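So the structure is just underneath, and the comments pick up after that.
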Amino acid sequence: MVSDQEATTTLKYSWNEGLTWDTFEFSKEPVEVEDIVIEPTSTGERFILHGMTTRGRGIIVALDFSSLHKRTCLGNDDPGVANSDYEIWSPRGPEECLLGHKISYVRRKRDSECFNPEEWDRPQRISYCTCKEEDWECDSGFIRRSEGGPCERIDGKLLDFSPPKDCEGTYFASRGYRKIAGDICWGGVDYSSIELPCPTLIILRTVDSVAIIAIFIGLFAIVVALALQAKPNSQGYEEVKRDDDNTAHSMQQRETSIDLGDSATKE
């Protein structure tokens, strides 16, 4: 550990996670330290410190803690026993579960002054917890109006499970909650979004649907108009029939007159 607020000539290091600290002088001239580069695995014993001296000259310092001849830690396969340098440790919140699970690590005991092996793979154990109210937060557009209260829409309206405009197959409707990022709880309280089938009927609420209905009405009106034009005129038919009847009656009267004339001539 080194100060990043002012130029310094020393750094501090600890073997027991901060219970005690040792000081090491790495430069005779004060240096404004910019960074300390470590290995990605954080198990190495060699580090690189770089910064700028008070005279504006860049400086790089190689730190090798292996020269302190500390021993390699033992007993990582049997943590917790008296002769092991390792223990089982779990981070805990107000309750045993943290983000929906319990996790335990095998780590070096704080009072064991030794190095972790460079090829050591830190074991861990995970068990899942049952979901509770605390594992959920309000979804976008929802708030809790009181501490511990339900998530409600910001605009005060009821939940809207209407399908999206381009709905195909199924869609998910929010109930106002989402699981906290990184939470992996299982079962228990479930506020997950609901999967619903897309509707198959025309929904009259949308502008497009109203336009489609208007088109159907227009087509229906055209069909009705064409049908009325194609229907025979019943009144005209009656008039034609009446004219035909009058013609037939006149012809009959004429034939009768002719018959009577013939009879008078014969007499």
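No lab work stands behind these numbers, since they all come straight from the coordinates. Everything numeric in this text was worked out from a predicted model, so none of it was measured. Neighbour counts run over all protein chains shown; Cβ positions are idealised from the backbone, glycine included.
Among the residues of the stretch 10-57, the ones that are under 28 Å from ASN116 (Cα atoms) and either of a type in the set (Asp, Glu) or in a loop (DSSP other than H, G, I, E, B) (or both) come to 22 in all.
With respect to ASP77, is the statement that it is farther than 30 Å from PRO123 by Cα, assigned to a loop (DSSP other than H, G, I, E, B) and of a type outside the set (Lys, Arg) true? Taking the combined requirement at face value, the residue does not satisfy it. Looking only at the stretch 130-158, residues that are hydrophobic (A, V, I, L, M, F, W, C), part of a loop (DSSP other than H, G, I, E, B) and surrounded by 13 or more Cβ atoms within 10 Å (Cβ to Cβ) come to 0 in all. Residues in the stretch 72-103 that are under 28 Å from the mean Cα position of the chain (by Cα) and of a type in the set (A, V, I, L, M, F, W, C) were compared, and the one that is nearest to LYS179 (Cα to Cα) is LEU99.
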